[in-house]
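To start, the structure under review is shown below, and the notes come after it.
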Amino acid sequence: MPVTDPRPPLLLLPGFLCDEDLWRDQLAGLADVADGQVADLGHGDSIAGLARQLLATAPPRFALAGFSFGGYVAQEIARQAPQRIERLALLDTSFHADTPERIARRRAANKSVSLPGEFRGMTEQLLPSFIAAERLHDTALVQRINAMTLRQGREVFVRQNAMRREDGAAALRGLACPVLVLCGRHDALTPPALHQAMAALMPQARLVIVEDSGHMSPMEQPAAVTRAMRQWLAA
């Protein structure tokens with residue numbers, strides 16, 4: 001008889017220009033309690049379409065964790081199939097719909113990155129928005145983030161940037177499963193106050209603010225993030 005894996009399935013959704021390396025430490029640190037799989041979000045033309053594709057291949061029930069852009073995809077999965085989510089983690093993300101200003105900024109960025117020239121990934125100019133100030137001189141971390149964004153490349157940049165972000169409040173309010181809401185203390189893109197508001201939508205949510213971290217908490221403070229996720233998986 002085939003041996004079934006006793007560990008619950010855990011679907012991990014990376015962020016904008018991120019791949020499985022974002023979750024490297026969590027995959028290793030949670031391997032004894034979850035069967036972690038990282039989704040590829042570098043294709044498709046809409047967040048709703050990405051959610052449908054993931055649901056088509058996912059187990060009947062699974063734990064779901066979404067980081068940043070992946071958090072929007074996770075909320076869309078919650079909108080389409082809330083009954084299939086055993087538990088949900090939202091890390092360094094937002095539940096607010098796009099504003100005209102944000103759409104305009106992303107369109108301008110897509111025009112800029114589509115000009116002839118080398119795609120540079122996470123540049124020095126962008127880094128201060130993504131990681132805590134004290135980590136800017138962490139050469140290994142900076143190189144790892146830049147390498148990840150370069151692997152994703154110009155095409156994924158344009159595709160993910162073009163996808164409209166929808167309001168997730170209604171989908172989140174309807175969830176009855178254990179929820180982890182987590183962000184870095186110094187997250188400049190999706191700050192703690194935003195996560196406090198997100199957690200308030202769900203009475204069963206646990207809010208965790210990770211100290212000494214910016215937006216890239218799974219990479220900046222992997223031990224703290226893994227610890228919070230382990231507690232969430234046991235809830």
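The values are calculated or read from the model by the stated rules, or taken from the named source; none is laboratory data. For clarity, every value in this text was computed on a predicted model and none was experimentally measured. Because the Cβ atoms are built from the backbone with ideal geometry, glycine has one as well, and the counts that use them run over all protein chains shown.
Residues that are closer than 29 Å to Asp138 by Cβ, polar (S, T, N, Q) and out of contact with any Lys or Arg (no Cβ under 7 Å at 6 or more places or on another chain) within region 171-221 comprise Thr190, Gln196, Ser217, Gln221, listed in sequence order.
I need a count of the residues in region 183-235 that are crowded, with 21+ Cβ neighbours inside 10 Å and among the acidic types (Asp, Glu). Matching residues across region 183-235 total 2.
Hey, can you tell me all the residues within region 119-146 that are closer than 27 Å to Gln196 by Cα, free of Cβ contacts under 8 Å to residues at least 60 places away in the same chain and not in a helix (DSSP H, G or I)? Once the filter is applied, which keeps residues that are closer than 27 Å to Gln196 by Cα, free of Cβ contacts under 8 Å to residues at least 60 places away in the same chain and not in a helix (DSSP H, G or I), region 119-146 yields Leu126, Leu136. Scoring Arg7 on the criteria (1) under 17 Å from Thr226 (Cβ atoms); (2) at pLDDT 95 or above leaves a single failure, condition (2).
Residue pairs whose Cβ atoms lie under 8 Å apart, sitting 6 or more positions apart in sequence or on different chains, and linking a residue in region 99-118 that is of a type in the set (S, T, N, Q) to a partner that is in a helix (DSSP H, G or I), are Asn110/Phe157; Asn110/Val158; Asn110/Asn161; Asn110/Ala162; Ser114/Arg154; Ser114/Val158. Let me confirm something: among Asp40, Asp35, which residue is free of Cβ contacts under 8 Å to residues at least 24 places away in the same chain and of a type in the set (Asp, Glu)? Sole residue among the options that is free of Cβ contacts under 8 Å to residues at least 24 places away in the same chain and of a type in the set (Asp, Glu): Asp40.
Could you please find all residues in region 144-175 being closer than 17 Å to Glu118 by Cα and either surrounded by fewer than 19 Cβ atoms within 10 Å (Cβ to Cβ) or of a type in the set (Val, Ile, Thr) (or both)?
Restricting attention to region 144-175, the residues satisfying the condition of being closer than 17 Å to Glu118 by Cα are 146-158.
Result: Asn146, Ala147, Thr149, Leu150, Arg151, Gly153, Arg154, Glu155, Val156, Val158.
So which helices (runs of 4 or more DSSP H) stay within region 16-111 end to end and still have 3 or more residues that are over 27 Å from Gly184 (Cα atoms), touching a strand residue (DSSP E or B) at 6+ places or on another chain (Cβ under 8 Å) and acidic (Asp, Glu)? Even if it seems obvious, please write down each step before you answer.
Details: elements: 24-29, 47-57, 69-80.
Of the helices (runs of 4 or more DSSP H) lying wholly inside region 16-111, none has at least 3 residues that are over 27 Å from Gly184 (Cα atoms), touching a strand residue (DSSP E or B) at 6+ places or on another chain (Cβ under 8 Å) and acidic (Asp, Glu).
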